[in-house]
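Asks: Dropping the structure in here first, questions after.
All of the numbers you see were taken from the coordinates with simple rules; none came from a lab. These figures come from a predicted structure and were not determined experimentally. As a convention, Cβ positions derive from the backbone with ideal geometry for all residues, glycine included, and neighbour counts pool all protein chains shown.
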């Protein structure tokens, strides 16, 4: 196993959906799971995201389903989620 593979947690669609249901920082865009964190400088970042409902800027990390049918979430993000 490579070092990069050790730094991710692989989760199924059901697991990703369960996480999204209990965590406000996770949203779906089609099959892509989006993790957002508040960031006042989001307007200046390529991965910045503005939410009109909260009138706030965020930084978004997008996780697409991989060829193995799983979502590869960095451990640093995964362990910060409530699960």
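Asks: Cut-off is 10 Å between beta-carbons; in what order do 25, 46 appear when sorted fewest neighbours first? Could you put the intermediate results ahead of the total?
Replies: Working: 25 18, 46 5.
Taking fewest neighbouring Cβ atoms as first place, the list is 46, 25.
Asks: For residue 10, project a label point 7 Å along Cα to C-beta. Then give me every residue of the stretch 57-83 with its amide nitrogen under 13 Å of that point.
Replies: 66-73
Asks: Nearest 10 degrees, 0 to 90: what angle lies between the long axis of helix 13-22 and the longest principal axis of the chain (Cα atoms)?
Replies: Roughly 40 degrees, rounded to the nearest 10.
Asks: Would you mind pulling out the separation of the Cα centroids of the stretch 58-80 and the stretch 1-56, in Å?
Replies: 7
Asks: Starting from the Cα of residue 37, step 7 Å along the direction of its Cβ; do the same at residue 54; then give the gap between the two resulting points in nm.
Replies: Label at residue 37, label at residue 54, 1.3 nm between them.
Asks: Give me the Kirkwood hydrodynamic radius of the chain, using the inverse of the mean 1/r over all pairs of distinct Cα atoms, in Å to one decimal. The partial results should precede the final answer.
Replies: On the way: mean 1/r = 0.0739 Å⁻¹.
Computed over the chain, the radius equals 13.5 Å.
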